[in-house]
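Take a look at the structure below.
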Amino acid sequence: MIVVMGATGNVGRPLVRALAEAGERVTAVSRTDPGDLPAGVVHRAADLADPETLRPVLDGADALFLLVAGHLLGTPEDLDPRAVLDVVKSAGVERIVLMSSQGAGTRPTAHSHSHLKAFEDAVRESGLDWTILRPGGFASNAFAWAEPVRAHRAAAAPFADVALPFVHPSDIAEVAAAALRESGHEGRVYELTGPAPLTPRERARTIGDVLGEPVAFAEQTREEARAQMLEFMPAPVVDGTLDILGEPTEAERRVSPDVEKVLGRPSRSFAQWAGENVHAFR
């Protein structure tokens with residue numbers, strides 16, 4: 001059995017679907033029941049902040065997809081990576097795939113990534129077969145533009161001409177499924193990106209292309225973007241995100257070959273993601 005944490009998220013949903021379609025027994029874990037899981041998938045509730053809630057969820061599990069990013073937007077100081085891994089090991093899980101972040105490698109001491117780095121360290125030291133996924137920015141971050149695009153055919157973002165290779169969440173899910181189901185991924189760290197860097201201005205133009213109507217783009221100042229992001233993210237996470245968006249390192253700009261290496265095909269483009277989700281912008 002494979003247990004998927006964060007089963008209601010942008011990666012968890014396609015991962016659960018991919019595993020179920022492959023014939024795996026899957027337990028989908030989230031704080032609330034999504035209500036639309038594939039046939040045969042069992043939902044269980046658990047909270048990483050209380051590792052003991054994982055114990056019944058992991059009963060009979062062979063492999064675990066561990067996602068902690070959602071908790072990092074809340075109270076990461078409440079999370080104890082080694083306590084979580086102790087429960088995972090004692091449950092008899094043999095294989096773990098951790099979804100971390102590119103920033104855990106490029107900016108490991110930054111507040112917004114240090115807790116993910118701590119989980120990486122705990123996973124490496126666990127004695128389990130492990131794989132670490134480090135995705136860059138998600139193509140689905142563009143959902144933040146859905147309301148203004150629907151209402152006004154307009155989008156705004158800072159750093160209009162700084163390009164980054166945003167990754168399709170389904171590519172992350174398919175790499176995770178491969179690492180959970182197949183041998184040969186043990187001890188690997190995969191950097192996951194899209195096939196080409198795109199600027200915010202170019203991504204807005206791409207959404208306009210799939211809509212068949214132009215989307216006007218306005219460049220925000222860092223301060224304007226920060227004020228907007230503080231409405232739903234804590235300040236250290238906002239500042240860390242803006243640092244990457246505005247002054248990415250060479251590694252953060254680079255297109256990784258790892259999606260193609262694992263899946264045997266190129267990573268999906270932002271245009272493909274926009275086409276699949278055009279309904280959100282109509």
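The values are calculated or read from the model by the stated rules, or taken from the named source; none is laboratory data. This is a predicted model, so every value here is computed, not measured. FYI the Cβ positions are ideal-geometry reconstructions off the backbone, even for glycines, and counts take in every protein chain you see. In case anyone asks, the SASA skips ligands and DNA or RNA and just uses the protein heavy atoms, side chains included. Shrake-Rupley method; radii C 1.70, N 1.55, O 1.52, S 1.80 Å.
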- [ ] Could you tell me how many degrees, from 0 to 90 and to the nearest 10, lie between the Cα long axis of helix 200-211 and the main elongation axis, the longest principal axis, of the Cα atoms of the chain?
- [x] 90 degrees
TODO: Place +1 on the Cβ of every Lys and Arg and -1 on the Cβ of every Asp and Glu in the range 109-221, take the dipole about the Cα centre, and give the residue among Ala176, Gly212, Phe138 whose Cα lies farthest towards its positive end.
DONE: Gly212
Open item on the list: Ignoring ligands, DNA and RNA, please state the percent of accessible area on the range 48-163 from carbon and sulfur, probe 1.4 Å.
Closed with: 50 percent
Task: Simple Cβ-charge dipole of the chain, Lys/Arg +1 and Asp/Glu -1, about Cα centre, in debye nearest 20 - done: 560 debye
- [ ] Please calculate the 1.4 Å probe accessible area of Glu252, with all protein chains present, and give it to the nearest 10 Å².
- [x] 0 Å²
- [ ] Treating the angle as unsigned and between 0 and 90°, give the value, to the nearest 10°, between the Cα long axis of helix 111-124 and the longest Cα principal axis of the chain.
- [x] 30 degrees
Open item on the list: Given the -39500 (n - 2.57) contribution per DSSP H run of 4+ residues, what per-residue ellipticity at 222 nm results for the chain, rounded to the nearest 500 deg cm²/dmol?
Closed with: -11000 deg cm²/dmol
Task: Label-zone membership for the range 242-282, site Arg150, 7 angstrom Cα→C-beta point, backbone N under 16 Å - done: 277-282
Open item on the list: If R₀ is 30 angstrom, what is the calculated FRET efficiency for the pair Glu247 and Ala83, using the beta carbon separation as r and rounding to 0.05?
Closed with: 0.30
- [ ] For the chain, find the longest principal axis of its Cα atoms and tell me its angle to the long axis of helix 169-181, 0 to 90°, nearest 10.
- [x] 20 degrees
TODO: Decide, for the range 170-276, between rounded, prolate and oblate: order the square roots of the alpha carbon gyration tensor eigenvalues as a ≥ b ≥ c, take rounded if a/c falls under 1.5, and otherwise choose prolate if a/b is larger than b/c, else oblate.
DONE: oblate
Open item on the list: Probe of 1.4 angstrom, ligands and nucleic acids ignored: what's the accessible area per residue over the chain, in square angstrom?
Closed with: 44 Å²
